[in-house]
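These notes concern the structure reproduced below.
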Amino acid sequence: MLFGIAACALLPATLATLLRVLPPTDDPAAQLAAFIPYGFIGYVVALCCLLIALVRARRRLALTVIIVGVAVLTTLHLVWLAPLFVKDQRAAATPDFQLMSLNMLHGQADSQQVAERAAQADIVILIESTPAALWSLKQFGWDERFPFSLGDPRSGSFNTAVYSRFPLSQSSLIGGGTSFEQWVTMVRVPDVGSVRLMAVHPCNPYCGGNRWSAEHETLRELVVDNIDQPLVAAGDFNAVEDHGPMQTLRGIGLKSAADVAGAGWLPTYPADGPLPPLLPIDHVMINKDLTATSVSSFAISGTDHRGLFATLAGTAS
């Protein structure tokens, strides 16, 4: 029985390792890859079963070899997860500013709760917003708090909206044919300077037609073009840290603010069911010119995502 449980646990765990080492680009495999972090649990279960079996076994050499291999793979997954819980030595050299990001699930997020949570933010990114949802925020003094905006219903566009207490400039939509509205803009943050901001929402692997991979490639190209200045990319990435596109972003100089702050495991989706969220697909990513002193997630009624609230600052680099 112990060997049966170990085998059942090892099968998905080994698949998770392969998907991490050989990142898929096709949609079906990318859907499976969203669960890569849970490979660690599979290895731990298998390792426990095999250790118990080892104590009971008469012939132990072959079983010991298998246990060593499983222990190595368990350690590998732990190495991939551990940095999220360890704060980087990236000191802040400027006063901080606060960024909030939330997927509103087609505008169904509770407007009052959104406004209350945003009361401490300097920059807010709202994904899957609607004109009705954005108009409803205005009764809570939204325009007074955030005088600068992109994607506001007054402009006649919607889907992704950016609101800021600080001036925005050099603003444009990302890509020409992405599935969702995405913005790139420059935010003039007091005492920090100009910060390039990308409000992102590439299509998920369920979109089909290889759009998930293609739209992440568009994002990668834009990051490459802007990596030499203070840069924040935030929103619903529809990808976990272990997905190939996220590994690529880290390779060219972006890092999760949760990783920098040592904020730990912050799954954000799905947040509207009986179980806690399983997948961390919402992110705040920053380059070396910025640091994060804290990152937390929060719940809003009506949406299937938890939001993220990040405290950022400039670095001395």
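No lab work stands behind these numbers, since they all come straight from the coordinates. From a predicted model like this one, the values you see are computed outputs, not experimental measurements. A quick note on method: Cβ atoms are made from the backbone with ideal geometry, for glycine too, and the neighbour counts reach across all protein chains shown.
How compact is the chain by the rule of thumb for globular proteins, expressed as Cα Rg over 2.2 N^0.38 Å?
1.09
Give the list, by residue number, of cysteines in the chain with no other Cys Cβ closer than 4.7 Å, or say none.
C8, C48, C49
Rank these for me by crowding, S111, S101, going from fewest to most other beta carbons within 10 Å. Working shown, then result.
Numbers: S111 22, S101 26.
In increasing order of surrounding Cβ atoms, one gets S111, S101.
What residue among A93, A271, A34 shows peak mean-square fluctuation when the chain is described by a Gaussian network model with Cα springs under 10 Å?
A93
Using a Förster radius of 30 Å, what is the FRET efficiency between F298 and T14 based on their Cβ-Cβ separation? Nearest 0.05, please.
0.25
Round to the nearest 0.05 the FRET efficiency obtained for A316 and K87 when R0 = 22 Å and r is the Cβ-Cβ distance.
After rounding, the FRET efficiency stands at 0.85.
Remind me, relative contact order of the chain in percent, using alpha carbon pairs under 8 angstrom and six or more residues apart?
Computed over the chain, the figure is 20 percent.
Which net charge results when you count Lys and Arg as +1 and Asp and Glu as -1 among the other residues whose beta-carbon is under 12 Å from that of L279?
After counting each charged neighbour, the total is -4.
For R60 and A7, calculate 0.36 nm times their separation in residues minus their Cα-Cα distance, and state this gained length in nm to one decimal.
Gain on extension, R60 to A7, equals 17.3 nm.
For the stretch 1-105, run through the trypsin sites (Lys or Arg not before Pro) and keep only the ones in DSSP coil with at most 12 other Cβ atoms within 10 Å of their Cβ.
R58, R59
Run the reach check for K87 against lysines, Cα to Cα strictly under 29 Å, same-chain hits fewer than 8 apart removed. What comes back?
Partners within reach: K255, K288.
If we count other beta carbons within 10 Å of each Cβ, what is the order of V295, V124, fewest first?
The most exposed by this proxy come first: V295, V124.
Picking from S169, S149, S296, which is most flexible by a Gaussian network model of the chain using Cα springs under 10 Å?
S169
For G251, what is the net charge nearby, where nearby means another residue's Cβ is under 15 Å from its Cβ and Lys, Arg count +1, Asp, Glu -1?
Combined, the nearby Lys, Arg, Asp and Glu give 0.
Could you work out how far apart the two model spin labels at L279 and D143 are, taking each label as a point 7 Å from the Cα in the direction of the beta carbon, and quote it in nm?
Placing both labels 7 Å along Cα→Cβ, they lie 3.8 nm apart.
Grab the DSSP H runs of the chain that are 4 residues or longer, score each as -39,500 (n - 2.57), total them, divide by all residues and round the 222 nm result to the nearest 500 deg cm²/dmol.
-11000 deg cm²/dmol
If you find the alpha carbon centre of the stretch 60-76 and of the stretch 208-235, how far apart are they in angstrom?
Rounded to whole Å, the Cα centres lie 39 Å apart.
Using a Förster radius of 51 Å, what is the FRET efficiency between A29 and A119 based on their Cβ-Cβ separation? Nearest 0.05, please. Before the final figure, lay out each step's value.
Details: r = 42 Å, r/R0 = 0.82.
For R0 = 51 Å, the calculated efficiency reads 0.75.
Picking from A29, A115, A199, which is most flexible by a Gaussian network model of the chain using Cα springs under 10 Å?
A29
How far, in nm, would the chain grow between R250 and T75 when pulled straight, counting 0.36 nm per residue and subtracting the alpha carbon separation?
Net length gain for the segment: 60.9 nm.
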